[in-house]
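Data block below; observations after.
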Amino acid sequence: MAGQGISIVPAAITNFANSTLTGGTWQVLNGATLRLILPQAIATNAATIVVDGASSSFFRDNGSTGALSGLTANAAGGSLTIANGYNFTSAGDFTNAGGITVGAGSTFGLGGRFDQTGGSVDLQGGVLGDTRPPSGNALHFDGNDFIETADSPTLHSSGDLTVERLVQGGWFSADLAEHILQG
């Protein structure tokens, strides 16, 4: 939906159960408002959700309760895209097994730990975390994970940092306080 609101009644949402949205494509673009009348917020996304634009709104009721306010998981096959100034912060720890895209001007904030158990995270000018995980939490990648960054990335650590394998394919700067990486 672009630039206008839509309200969908509960009978029309047959792919929502146990806080999980499965199937379908749900888009809110250019300041539009999408209202899904749901009994609770979406906790697990197994559908395609796109929220694009700082003034776009995705609600789960007739009021102002965010449909994504309880989101803690993006399932395999699920796709979540935020872009052009729409910001999202997870309700707590977040697990991603699907696809997440964070477009320019948007931040995917972390309310807890981020676990990448499959799928991908595509930062297209956006930010994952508030430039660093919240105090006491960490990014956790499980398995054979690959992180690609723009040219000249800088890694900052205010505490312990464990790097099992670092492959340098270009310029890389690591600020590890008293620790020095040697190749």
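Any read-out appearing in this document is the output of simple, stated calculations on the displayed coordinates, not a laboratory observation. Values in this document were obtained by computation on a predicted structure and should not be read as measured data. Backbone-built Cβ (ideal geometry, glycine too); neighbour counts: all protein chains shown.
With R₀ set to 25 Å, the beta-carbon distance separating Asn62 from Asn87 gives a calculated FRET efficiency near 0.60. What is the calculated FRET efficiency for Ser19 to Val127, with r their C-beta to C-beta distance and R₀ = 22 Å, to the nearest 0.05? Efficiency at R0 = 22 Å is approximately 0.25.
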